[in-house]
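Derivation of every value follows stated rules applied to the coordinates shown; laboratory data play no part. None of these values were measured; they are calculated from a predicted model. Note that each Cβ is placed from the backbone with ideal geometry, even for glycine, and that neighbours are counted across all protein chains shown.
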Amino acid sequence: MQIEKSQALNKRAQRVLVGGVNSPVRSFRAVGGEPRLISKAKGPRMYDVDGNSYIDYVCSWGALIMGHADETVVKAIKEYSTRGTSYGASTELEIELAETVIKAFPSIKMLRLVNSGTEATMSAIRLARGFTNRSKILKFEGCYHGHADYFLAKAGSGLATYSLPNSAGVPESIVKDTIILPYNDTDKLGETFENFGEEIAAVIVEPVAGNMGVVQAKTDFLFMLRELTQRHGSLLIFDEVITGFRFAYGGAQALFGVTPDLTCLGKIIGGGLPVGAYGGRRDIMSKLAPLGPVYQAGTLSGNPLCMAAGLATLRQLNGRLYADLESRSKRLCDELKRIAEESQFPTVINRVGSMWSLFFTDKDRVENYFDASLNDRELYSRFFWKMMENGVYLPPSPFEAMFVSSAHDDSTIDDTVRAAESSFSKTGNAK
Ligand code: HOZ
C-alpha cells in the first residue's frame with residue numbers, strides 16, 4: 001500500500017496542528033502508525049491522498065447515515081450556497097428542521113439549534129441548572145457528552161482512548177458538582193438519589209452509549225432513571241447526539257419507551273455539516289433567552305447550509321431504510337462473530353441497529369465502562385491495521401462506535417466480510 005503522500009502531509013501537519021490533528025482520536029496514536037489523509041469519499045468508501053480506497057465504518061463518527069456525498073444532500077448544499085452561507089438572522093429552514101425534529105420526537109416541544117453536540121449538552125446542563133436552581137449533575141462512566149469542563153471525568157471517547165481519567169485544566173471546583181456512577185448500575189443509582197436526590201439538577205445519559213464502544217442501557221436502568229428523576233424533581237437529559245435518527249426516527253427514546261425532559265441531538269440532523277440541538281418540555285425550554293433568564297447564543301446557530309444538509313438527510317429516512325440498515329448491520333455483525341470464533345478470538349460484538357462495536361475480550365458481555373476497558377487494545381490495533389490493509393477503515397480507537405450507512409449495500413458488506421476473514425487469519429494469536 002502506497003502511503004507516501006499521507007506521510008508527507010502528516011509531517012507538514014505536525015508542524016502546524018497539535019499532534020497533526022484537530023481532534024485527538026484522529027491521530028491514530030491509540031492504534032500506532034500514521035493516519036491516512038483523506039482526499040474524497042463517496043457512498044460507503046473513502047479515498048486517501050495516495051489513492052487507496054477504504055470501506056468506511058466511521059462515517060464521520062455517525063453523522064453520515066446516508067453515506068458520503070449523498071446526491072440529495074450535496075444538491076441541497078450546492079443549491080442553497082448560491083443564496084448566501086450565513087446571515088446572522090433567521091430563516092425558514094430553521095423552522096422546518098425544528099418542525100421535523102419535533103414531529104419525530106414527541107418529548108421535544110421546543111428546540112434550540114446550535115453548532116455541535118458539545119454545545120448542545122453543555123447548554124442543556126445550564127438550562128437544567130437554571131430551571132431547577134440546583135447545581136449537581138449526574139453522569140455515567142464511559143459516557144461522553146462532549147468536552148465541557150464538568151463532563152471531563154471518567155468520560156469515554158478520546159479520554160478513554162488515551163486512558164485519561166480526567167482532563168488537565170479543569171479546576172476541582174468545577175467537577176465537584178459532577179457525580180459519576182457506573183453505567184447500568186441500578187443499586188448505586190438508588191443509593192445516590194437517596195443521598196443527594198434533592199440536590200441533583202439533572203442526570204445526563206447516552207441511552208445507547210457510543211463512546212466506550214457500543215453499550216446499551218438496560219431497560220430497567222432507564223426506567224429507574226426516569227422514575228427517580230421525576231420523584232426528586234431532577235431533569236432527565238438523553239444525549240442522543242449519536243443515537244438520534246440512527247436506528248429509529250424517534251431515536252433511542254422511541255425504542256425504549258422512556259421519555260426524557262430534554263434531548264440533545266447532533267450528527268445526523270446536520271447531514272455531515274456542523275450542527276447540534278437541544279430541546280424538550282415547553283416549560284423548561286421557555287427558561288431560555290429571549291423568553292427566560294438562561295443565556296445561550298451563537299453566530300452560526302441554525303446556519304442555512306447545515307439546515308439544508310440536515311433536512312435533505314432527514315427527508316430520506318423512513319421505515320424501509322431503517323429495516324435495510326438493521327438487516328445489513330445484523331448480517332455484518334453475525335458474520336464477524338462467526339469469523340472471530342472460527343479464528344479463536346474471544347470477542348463480544350455489541351450492536352444496536354446500525355451502530356456496533358467489536359471488543360476483544362474473554363467476558364460474555366460488555367455492559368459498562370469497566371467491561372469495555374478490558375478490551376484487548378493491542379489485539380484491536382493489530383486487527384485494525386489488517387483491516388486497513390484489506391481496505392476497511394475502522395475507528396482508530398477501541399472505544400469508538402462503528403456505523404453502517406444506507407450506502408453500505410450488500411456487496412459492500414460482502415467485501416467487508418472477506419476483508420475480515422483475511423484480517424483475522426493474519427492478526428496472529430489471540431494471546
Ligand atoms: N469524539 C468524537 C467521536 N466520539 C471524535 C471526533 C473526531 O475525532 O473527529
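A few remarks follow.
- Test: residue in the range 44-67 that is over 20 Å from the mean Cα position of the chain (by Cα), in a strand (DSSP E or B) and among the acidic types (Asp, Glu): yes
- Any chance Asp409 is closer than 30 Å to Gly271 by Cα and more than 16 Å from the ligand (Cβ to nearest atom): yes
- The residue that is nearest to the ligand (Cβ to nearest atom), among those in the range 20-36 that are part of a loop (DSSP other than H, G, I, E, B) and of a type in the set (Val, Ile, Thr), is Val21.
- Which numbered condition Leu225 misses (of (1) surrounded by fewer than 24 Cβ atoms within 10 Å (Cβ to Cβ); (2) free of Cβ contacts under 8 Å to residues at least 60 places away in the same chain; (3) of a type outside the set (Val, Ile, Thr)): (1)
- Which listed residue is away from the ligand (no atom under 16 Å from the Cβ), more than 23 Å from Gly142 (Cα to Cα) and either of a type outside the set (A, V, I, L, M, F, W, C) or surrounded by fewer than 17 Cβ atoms within 10 Å (Cβ to Cβ) (or both), from Glu367, Glu389, Glu378: Glu389
- Listed by position, the helices (runs of 4 or more DSSP H) contained in the range 259-363 that have at least 1 residues being under 16 Å from Ala63 (Cα atoms) are 304-314, 319-342.
- Within the range 37-51, the set of residues being surrounded by fewer than 18 Cβ atoms within 10 Å (Cβ to Cβ) and within 16 Å of the ligand (Cβ to nearest atom) comprises Ile38 only.
- Residue ID - farthest from Gly292 (Cα to Cα), chosen from residues in the range 147-166 that are within 13 Å of the ligand (Cβ to nearest atom), free of Cβ contacts under 8 Å to residues at least 60 places away in the same chain and in contact with a strand residue (DSSP E or B) (Cβ under 9 Å, 6 or more places away or on another chain): Leu159
Matching residues to (1) surrounded by 24 or more Cβ atoms within 10 Å (Cβ to Cβ); (2) within 30 Å of Thr416 (Cα to Cα):
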| site | (1), (2) |
| --- | --- |
| Arg246 | yes, yes |
| Ala254 | no, no |
| Pro274 | no, yes |
| Met285 | no, no |
| Pro293 | no, no |
| Thr299 | no, no |
| Pro304 | no, no |
| Ser329 | no, yes |
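- Qualifying position, being surrounded by fewer than 13 Cβ atoms within 10 Å (Cβ to Cβ) and of a type in the set (Asp, Glu), among Glu34, Glu94, Glu99: Glu99
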